[in-house]
1. When both residues are 6+ apart or on different chains and their Cβ atoms are under 8 Å apart, which pairs have a first residue that lies in region B:6-28 and is away from chain A (no Cβ under 14 Å) and closer than 18 Å to B:Leu69 by Cα, and a second that is assigned to a strand (DSSP E or B) and polar (S, T, N, Q)?
2. Can you go through B:Ser49, B:Ser24 and tell me which one is of a type in the set (S, T, N, Q) and under 20 Å from B:Asp94 (Cβ atoms)?
3. Tally up the residues in region B:2-35 that are surrounded by 19 or more Cβ atoms within 10 Å (Cβ to Cβ), in contact with a Cys (Cβ under 8 Å, 6 or more places away or on another chain) and charged (D, E, K, R), please.
4. If the Cβ limit is 8 Å and pairs must be 6+ apart or interchain, which residue in region A:16-35 that is touching a residue at least 60 places away in the same chain (Cβ under 8 Å) and within 13 Å of chain B (Cβ to nearest Cβ) pairs with which residue that is of a type in the set (Ser, Thr, Tyr) and assigned to a helix (DSSP H, G or I)?
5. Test each condition in (1) in contact with an Asp or Glu (Cβ under 6 Å, 6 or more places away or on another chain); (2) more than 30 Å from B:Pro71 (Cβ to Cβ) for A:Ala90 and report the one that comes out false.
6. Is it fair to say A:Ala42 is touching a residue at least 12 places away in the same chain (Cβ under 8 Å), touching a helix residue (DSSP H, G or I) at 6+ places or on another chain (Cβ under 9 Å) and closer than 13 Å to A:Leu76 by Cα?
7. Pick from region B:67-95 the residues that are under 14 Å from the mean Cα position of the chain (by Cα) and polar (S, T, N, Q): which of them is nearest to B:Gly112 (Cα to Cα)?
Amino acid sequence: MDWSLPCEFSRIAELTTAVRQATEPVIGSEASEMLEMALAEALNNIAEHGYPERRGPGPVTLHLEPEATHAVTVTLEDRGRPIPIAAFEAGQDGVAEFDPDRIEDLPEGGMGLGLIHMLIDEISYSSQGGRNRLVLRQHRRAAPA
Amino acid sequence: MKIEERYEHGICVLSVGESRLDASQAPALKDALVQRVEAGQHQLVLDLSQTAFMDSSGLGALVSCLKRLGPRGNMAVVGVSGAVQRLFTLTRMDRVFILEPDVPAAVARLRG
């Protein structure tokens, strides 16, 4: 399945809910909810950092590939500014640690990449020839015992 | 932004009538919360039982309100489940916010 739309905040929900509905029968409710959360963060980042507002919303395409083995692969492509490698790698450690008692220093943003890494089973990212590609592979969660 | 406001024992209870709190809603959510704090409400209960989905920008709006409250106030969040609960857990913001199952429990907690 393929979707294509201008990446702006007001359009993100329609895309993530469509993916949620399409993937739930394949990978189950929990894994598809996690995929929806990760996709929302990835699309927020593209809208905010990839296509800064002064240039207007840029195009994003999403390709969904269900697999026979209770897994799905989602490929997100955009032509905006790529994610800096250092930021992407820092996200591999999850959401950055903070002191819950220091209210004034709590993060109000910058959690998206960390969340994506925590929510998704397999992630790859590449940027070539002005085309950025984020590939998310998500498996069905084991049924609770 | 659909928000219903009421008072229980002098505590401001805000019920959010939005099923999604994402980046398209976060600025309005932040404005609505900060507006109450600026108006002198320093004990807030935020009821998210109608909200099925929230992203990190929605959470950022809550954090922003907490910072505005500072040491003089408190905010409890109630009715979180599903993706919203998962967001609080993964970001470890469940250690920062008072999370209670429902409004009566949150009001009791804030009244001490």
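Readers should treat all values here as calculations from the given coordinates under stated rules, not as data from a laboratory. Please read all numbers here as calculations on a predicted model, not as lab measurements. Using ideal geometry, Cβ is built from the backbone for each residue, glycine included, and neighbour counts are taken over all protein chains shown.
1. Going by the 8 Å Cβ cut-off, the qualifying pairs are B:Gly10/B:Gln43; B:Ile11/B:Gln43; B:Cys12/B:Gln43.
2. Within the list B:Ser49, B:Ser24, the selection yields B:Ser49.
3. Residues flagged as surrounded by 19 or more Cβ atoms within 10 Å (Cβ to Cβ), in contact with a Cys (Cβ under 8 Å, 6 or more places away or on another chain) and charged (D, E, K, R) within region B:2-35 amount to 1.
4. Going by the 8 Å Cβ cut-off, the qualifying pairs are A:Ala31/A:Thr23; A:Ser32/A:Thr23; A:Leu35/A:Thr23.
5. (1)
6. Against the criterion (touching a residue at least 12 places away in the same chain (Cβ under 8 Å), touching a helix residue (DSSP H, G or I) at 6+ places or on another chain (Cβ under 9 Å) and closer than 13 Å to A:Leu76 by Cα), A:Ala42 qualifies.
7. It comes out as B:Asn74.
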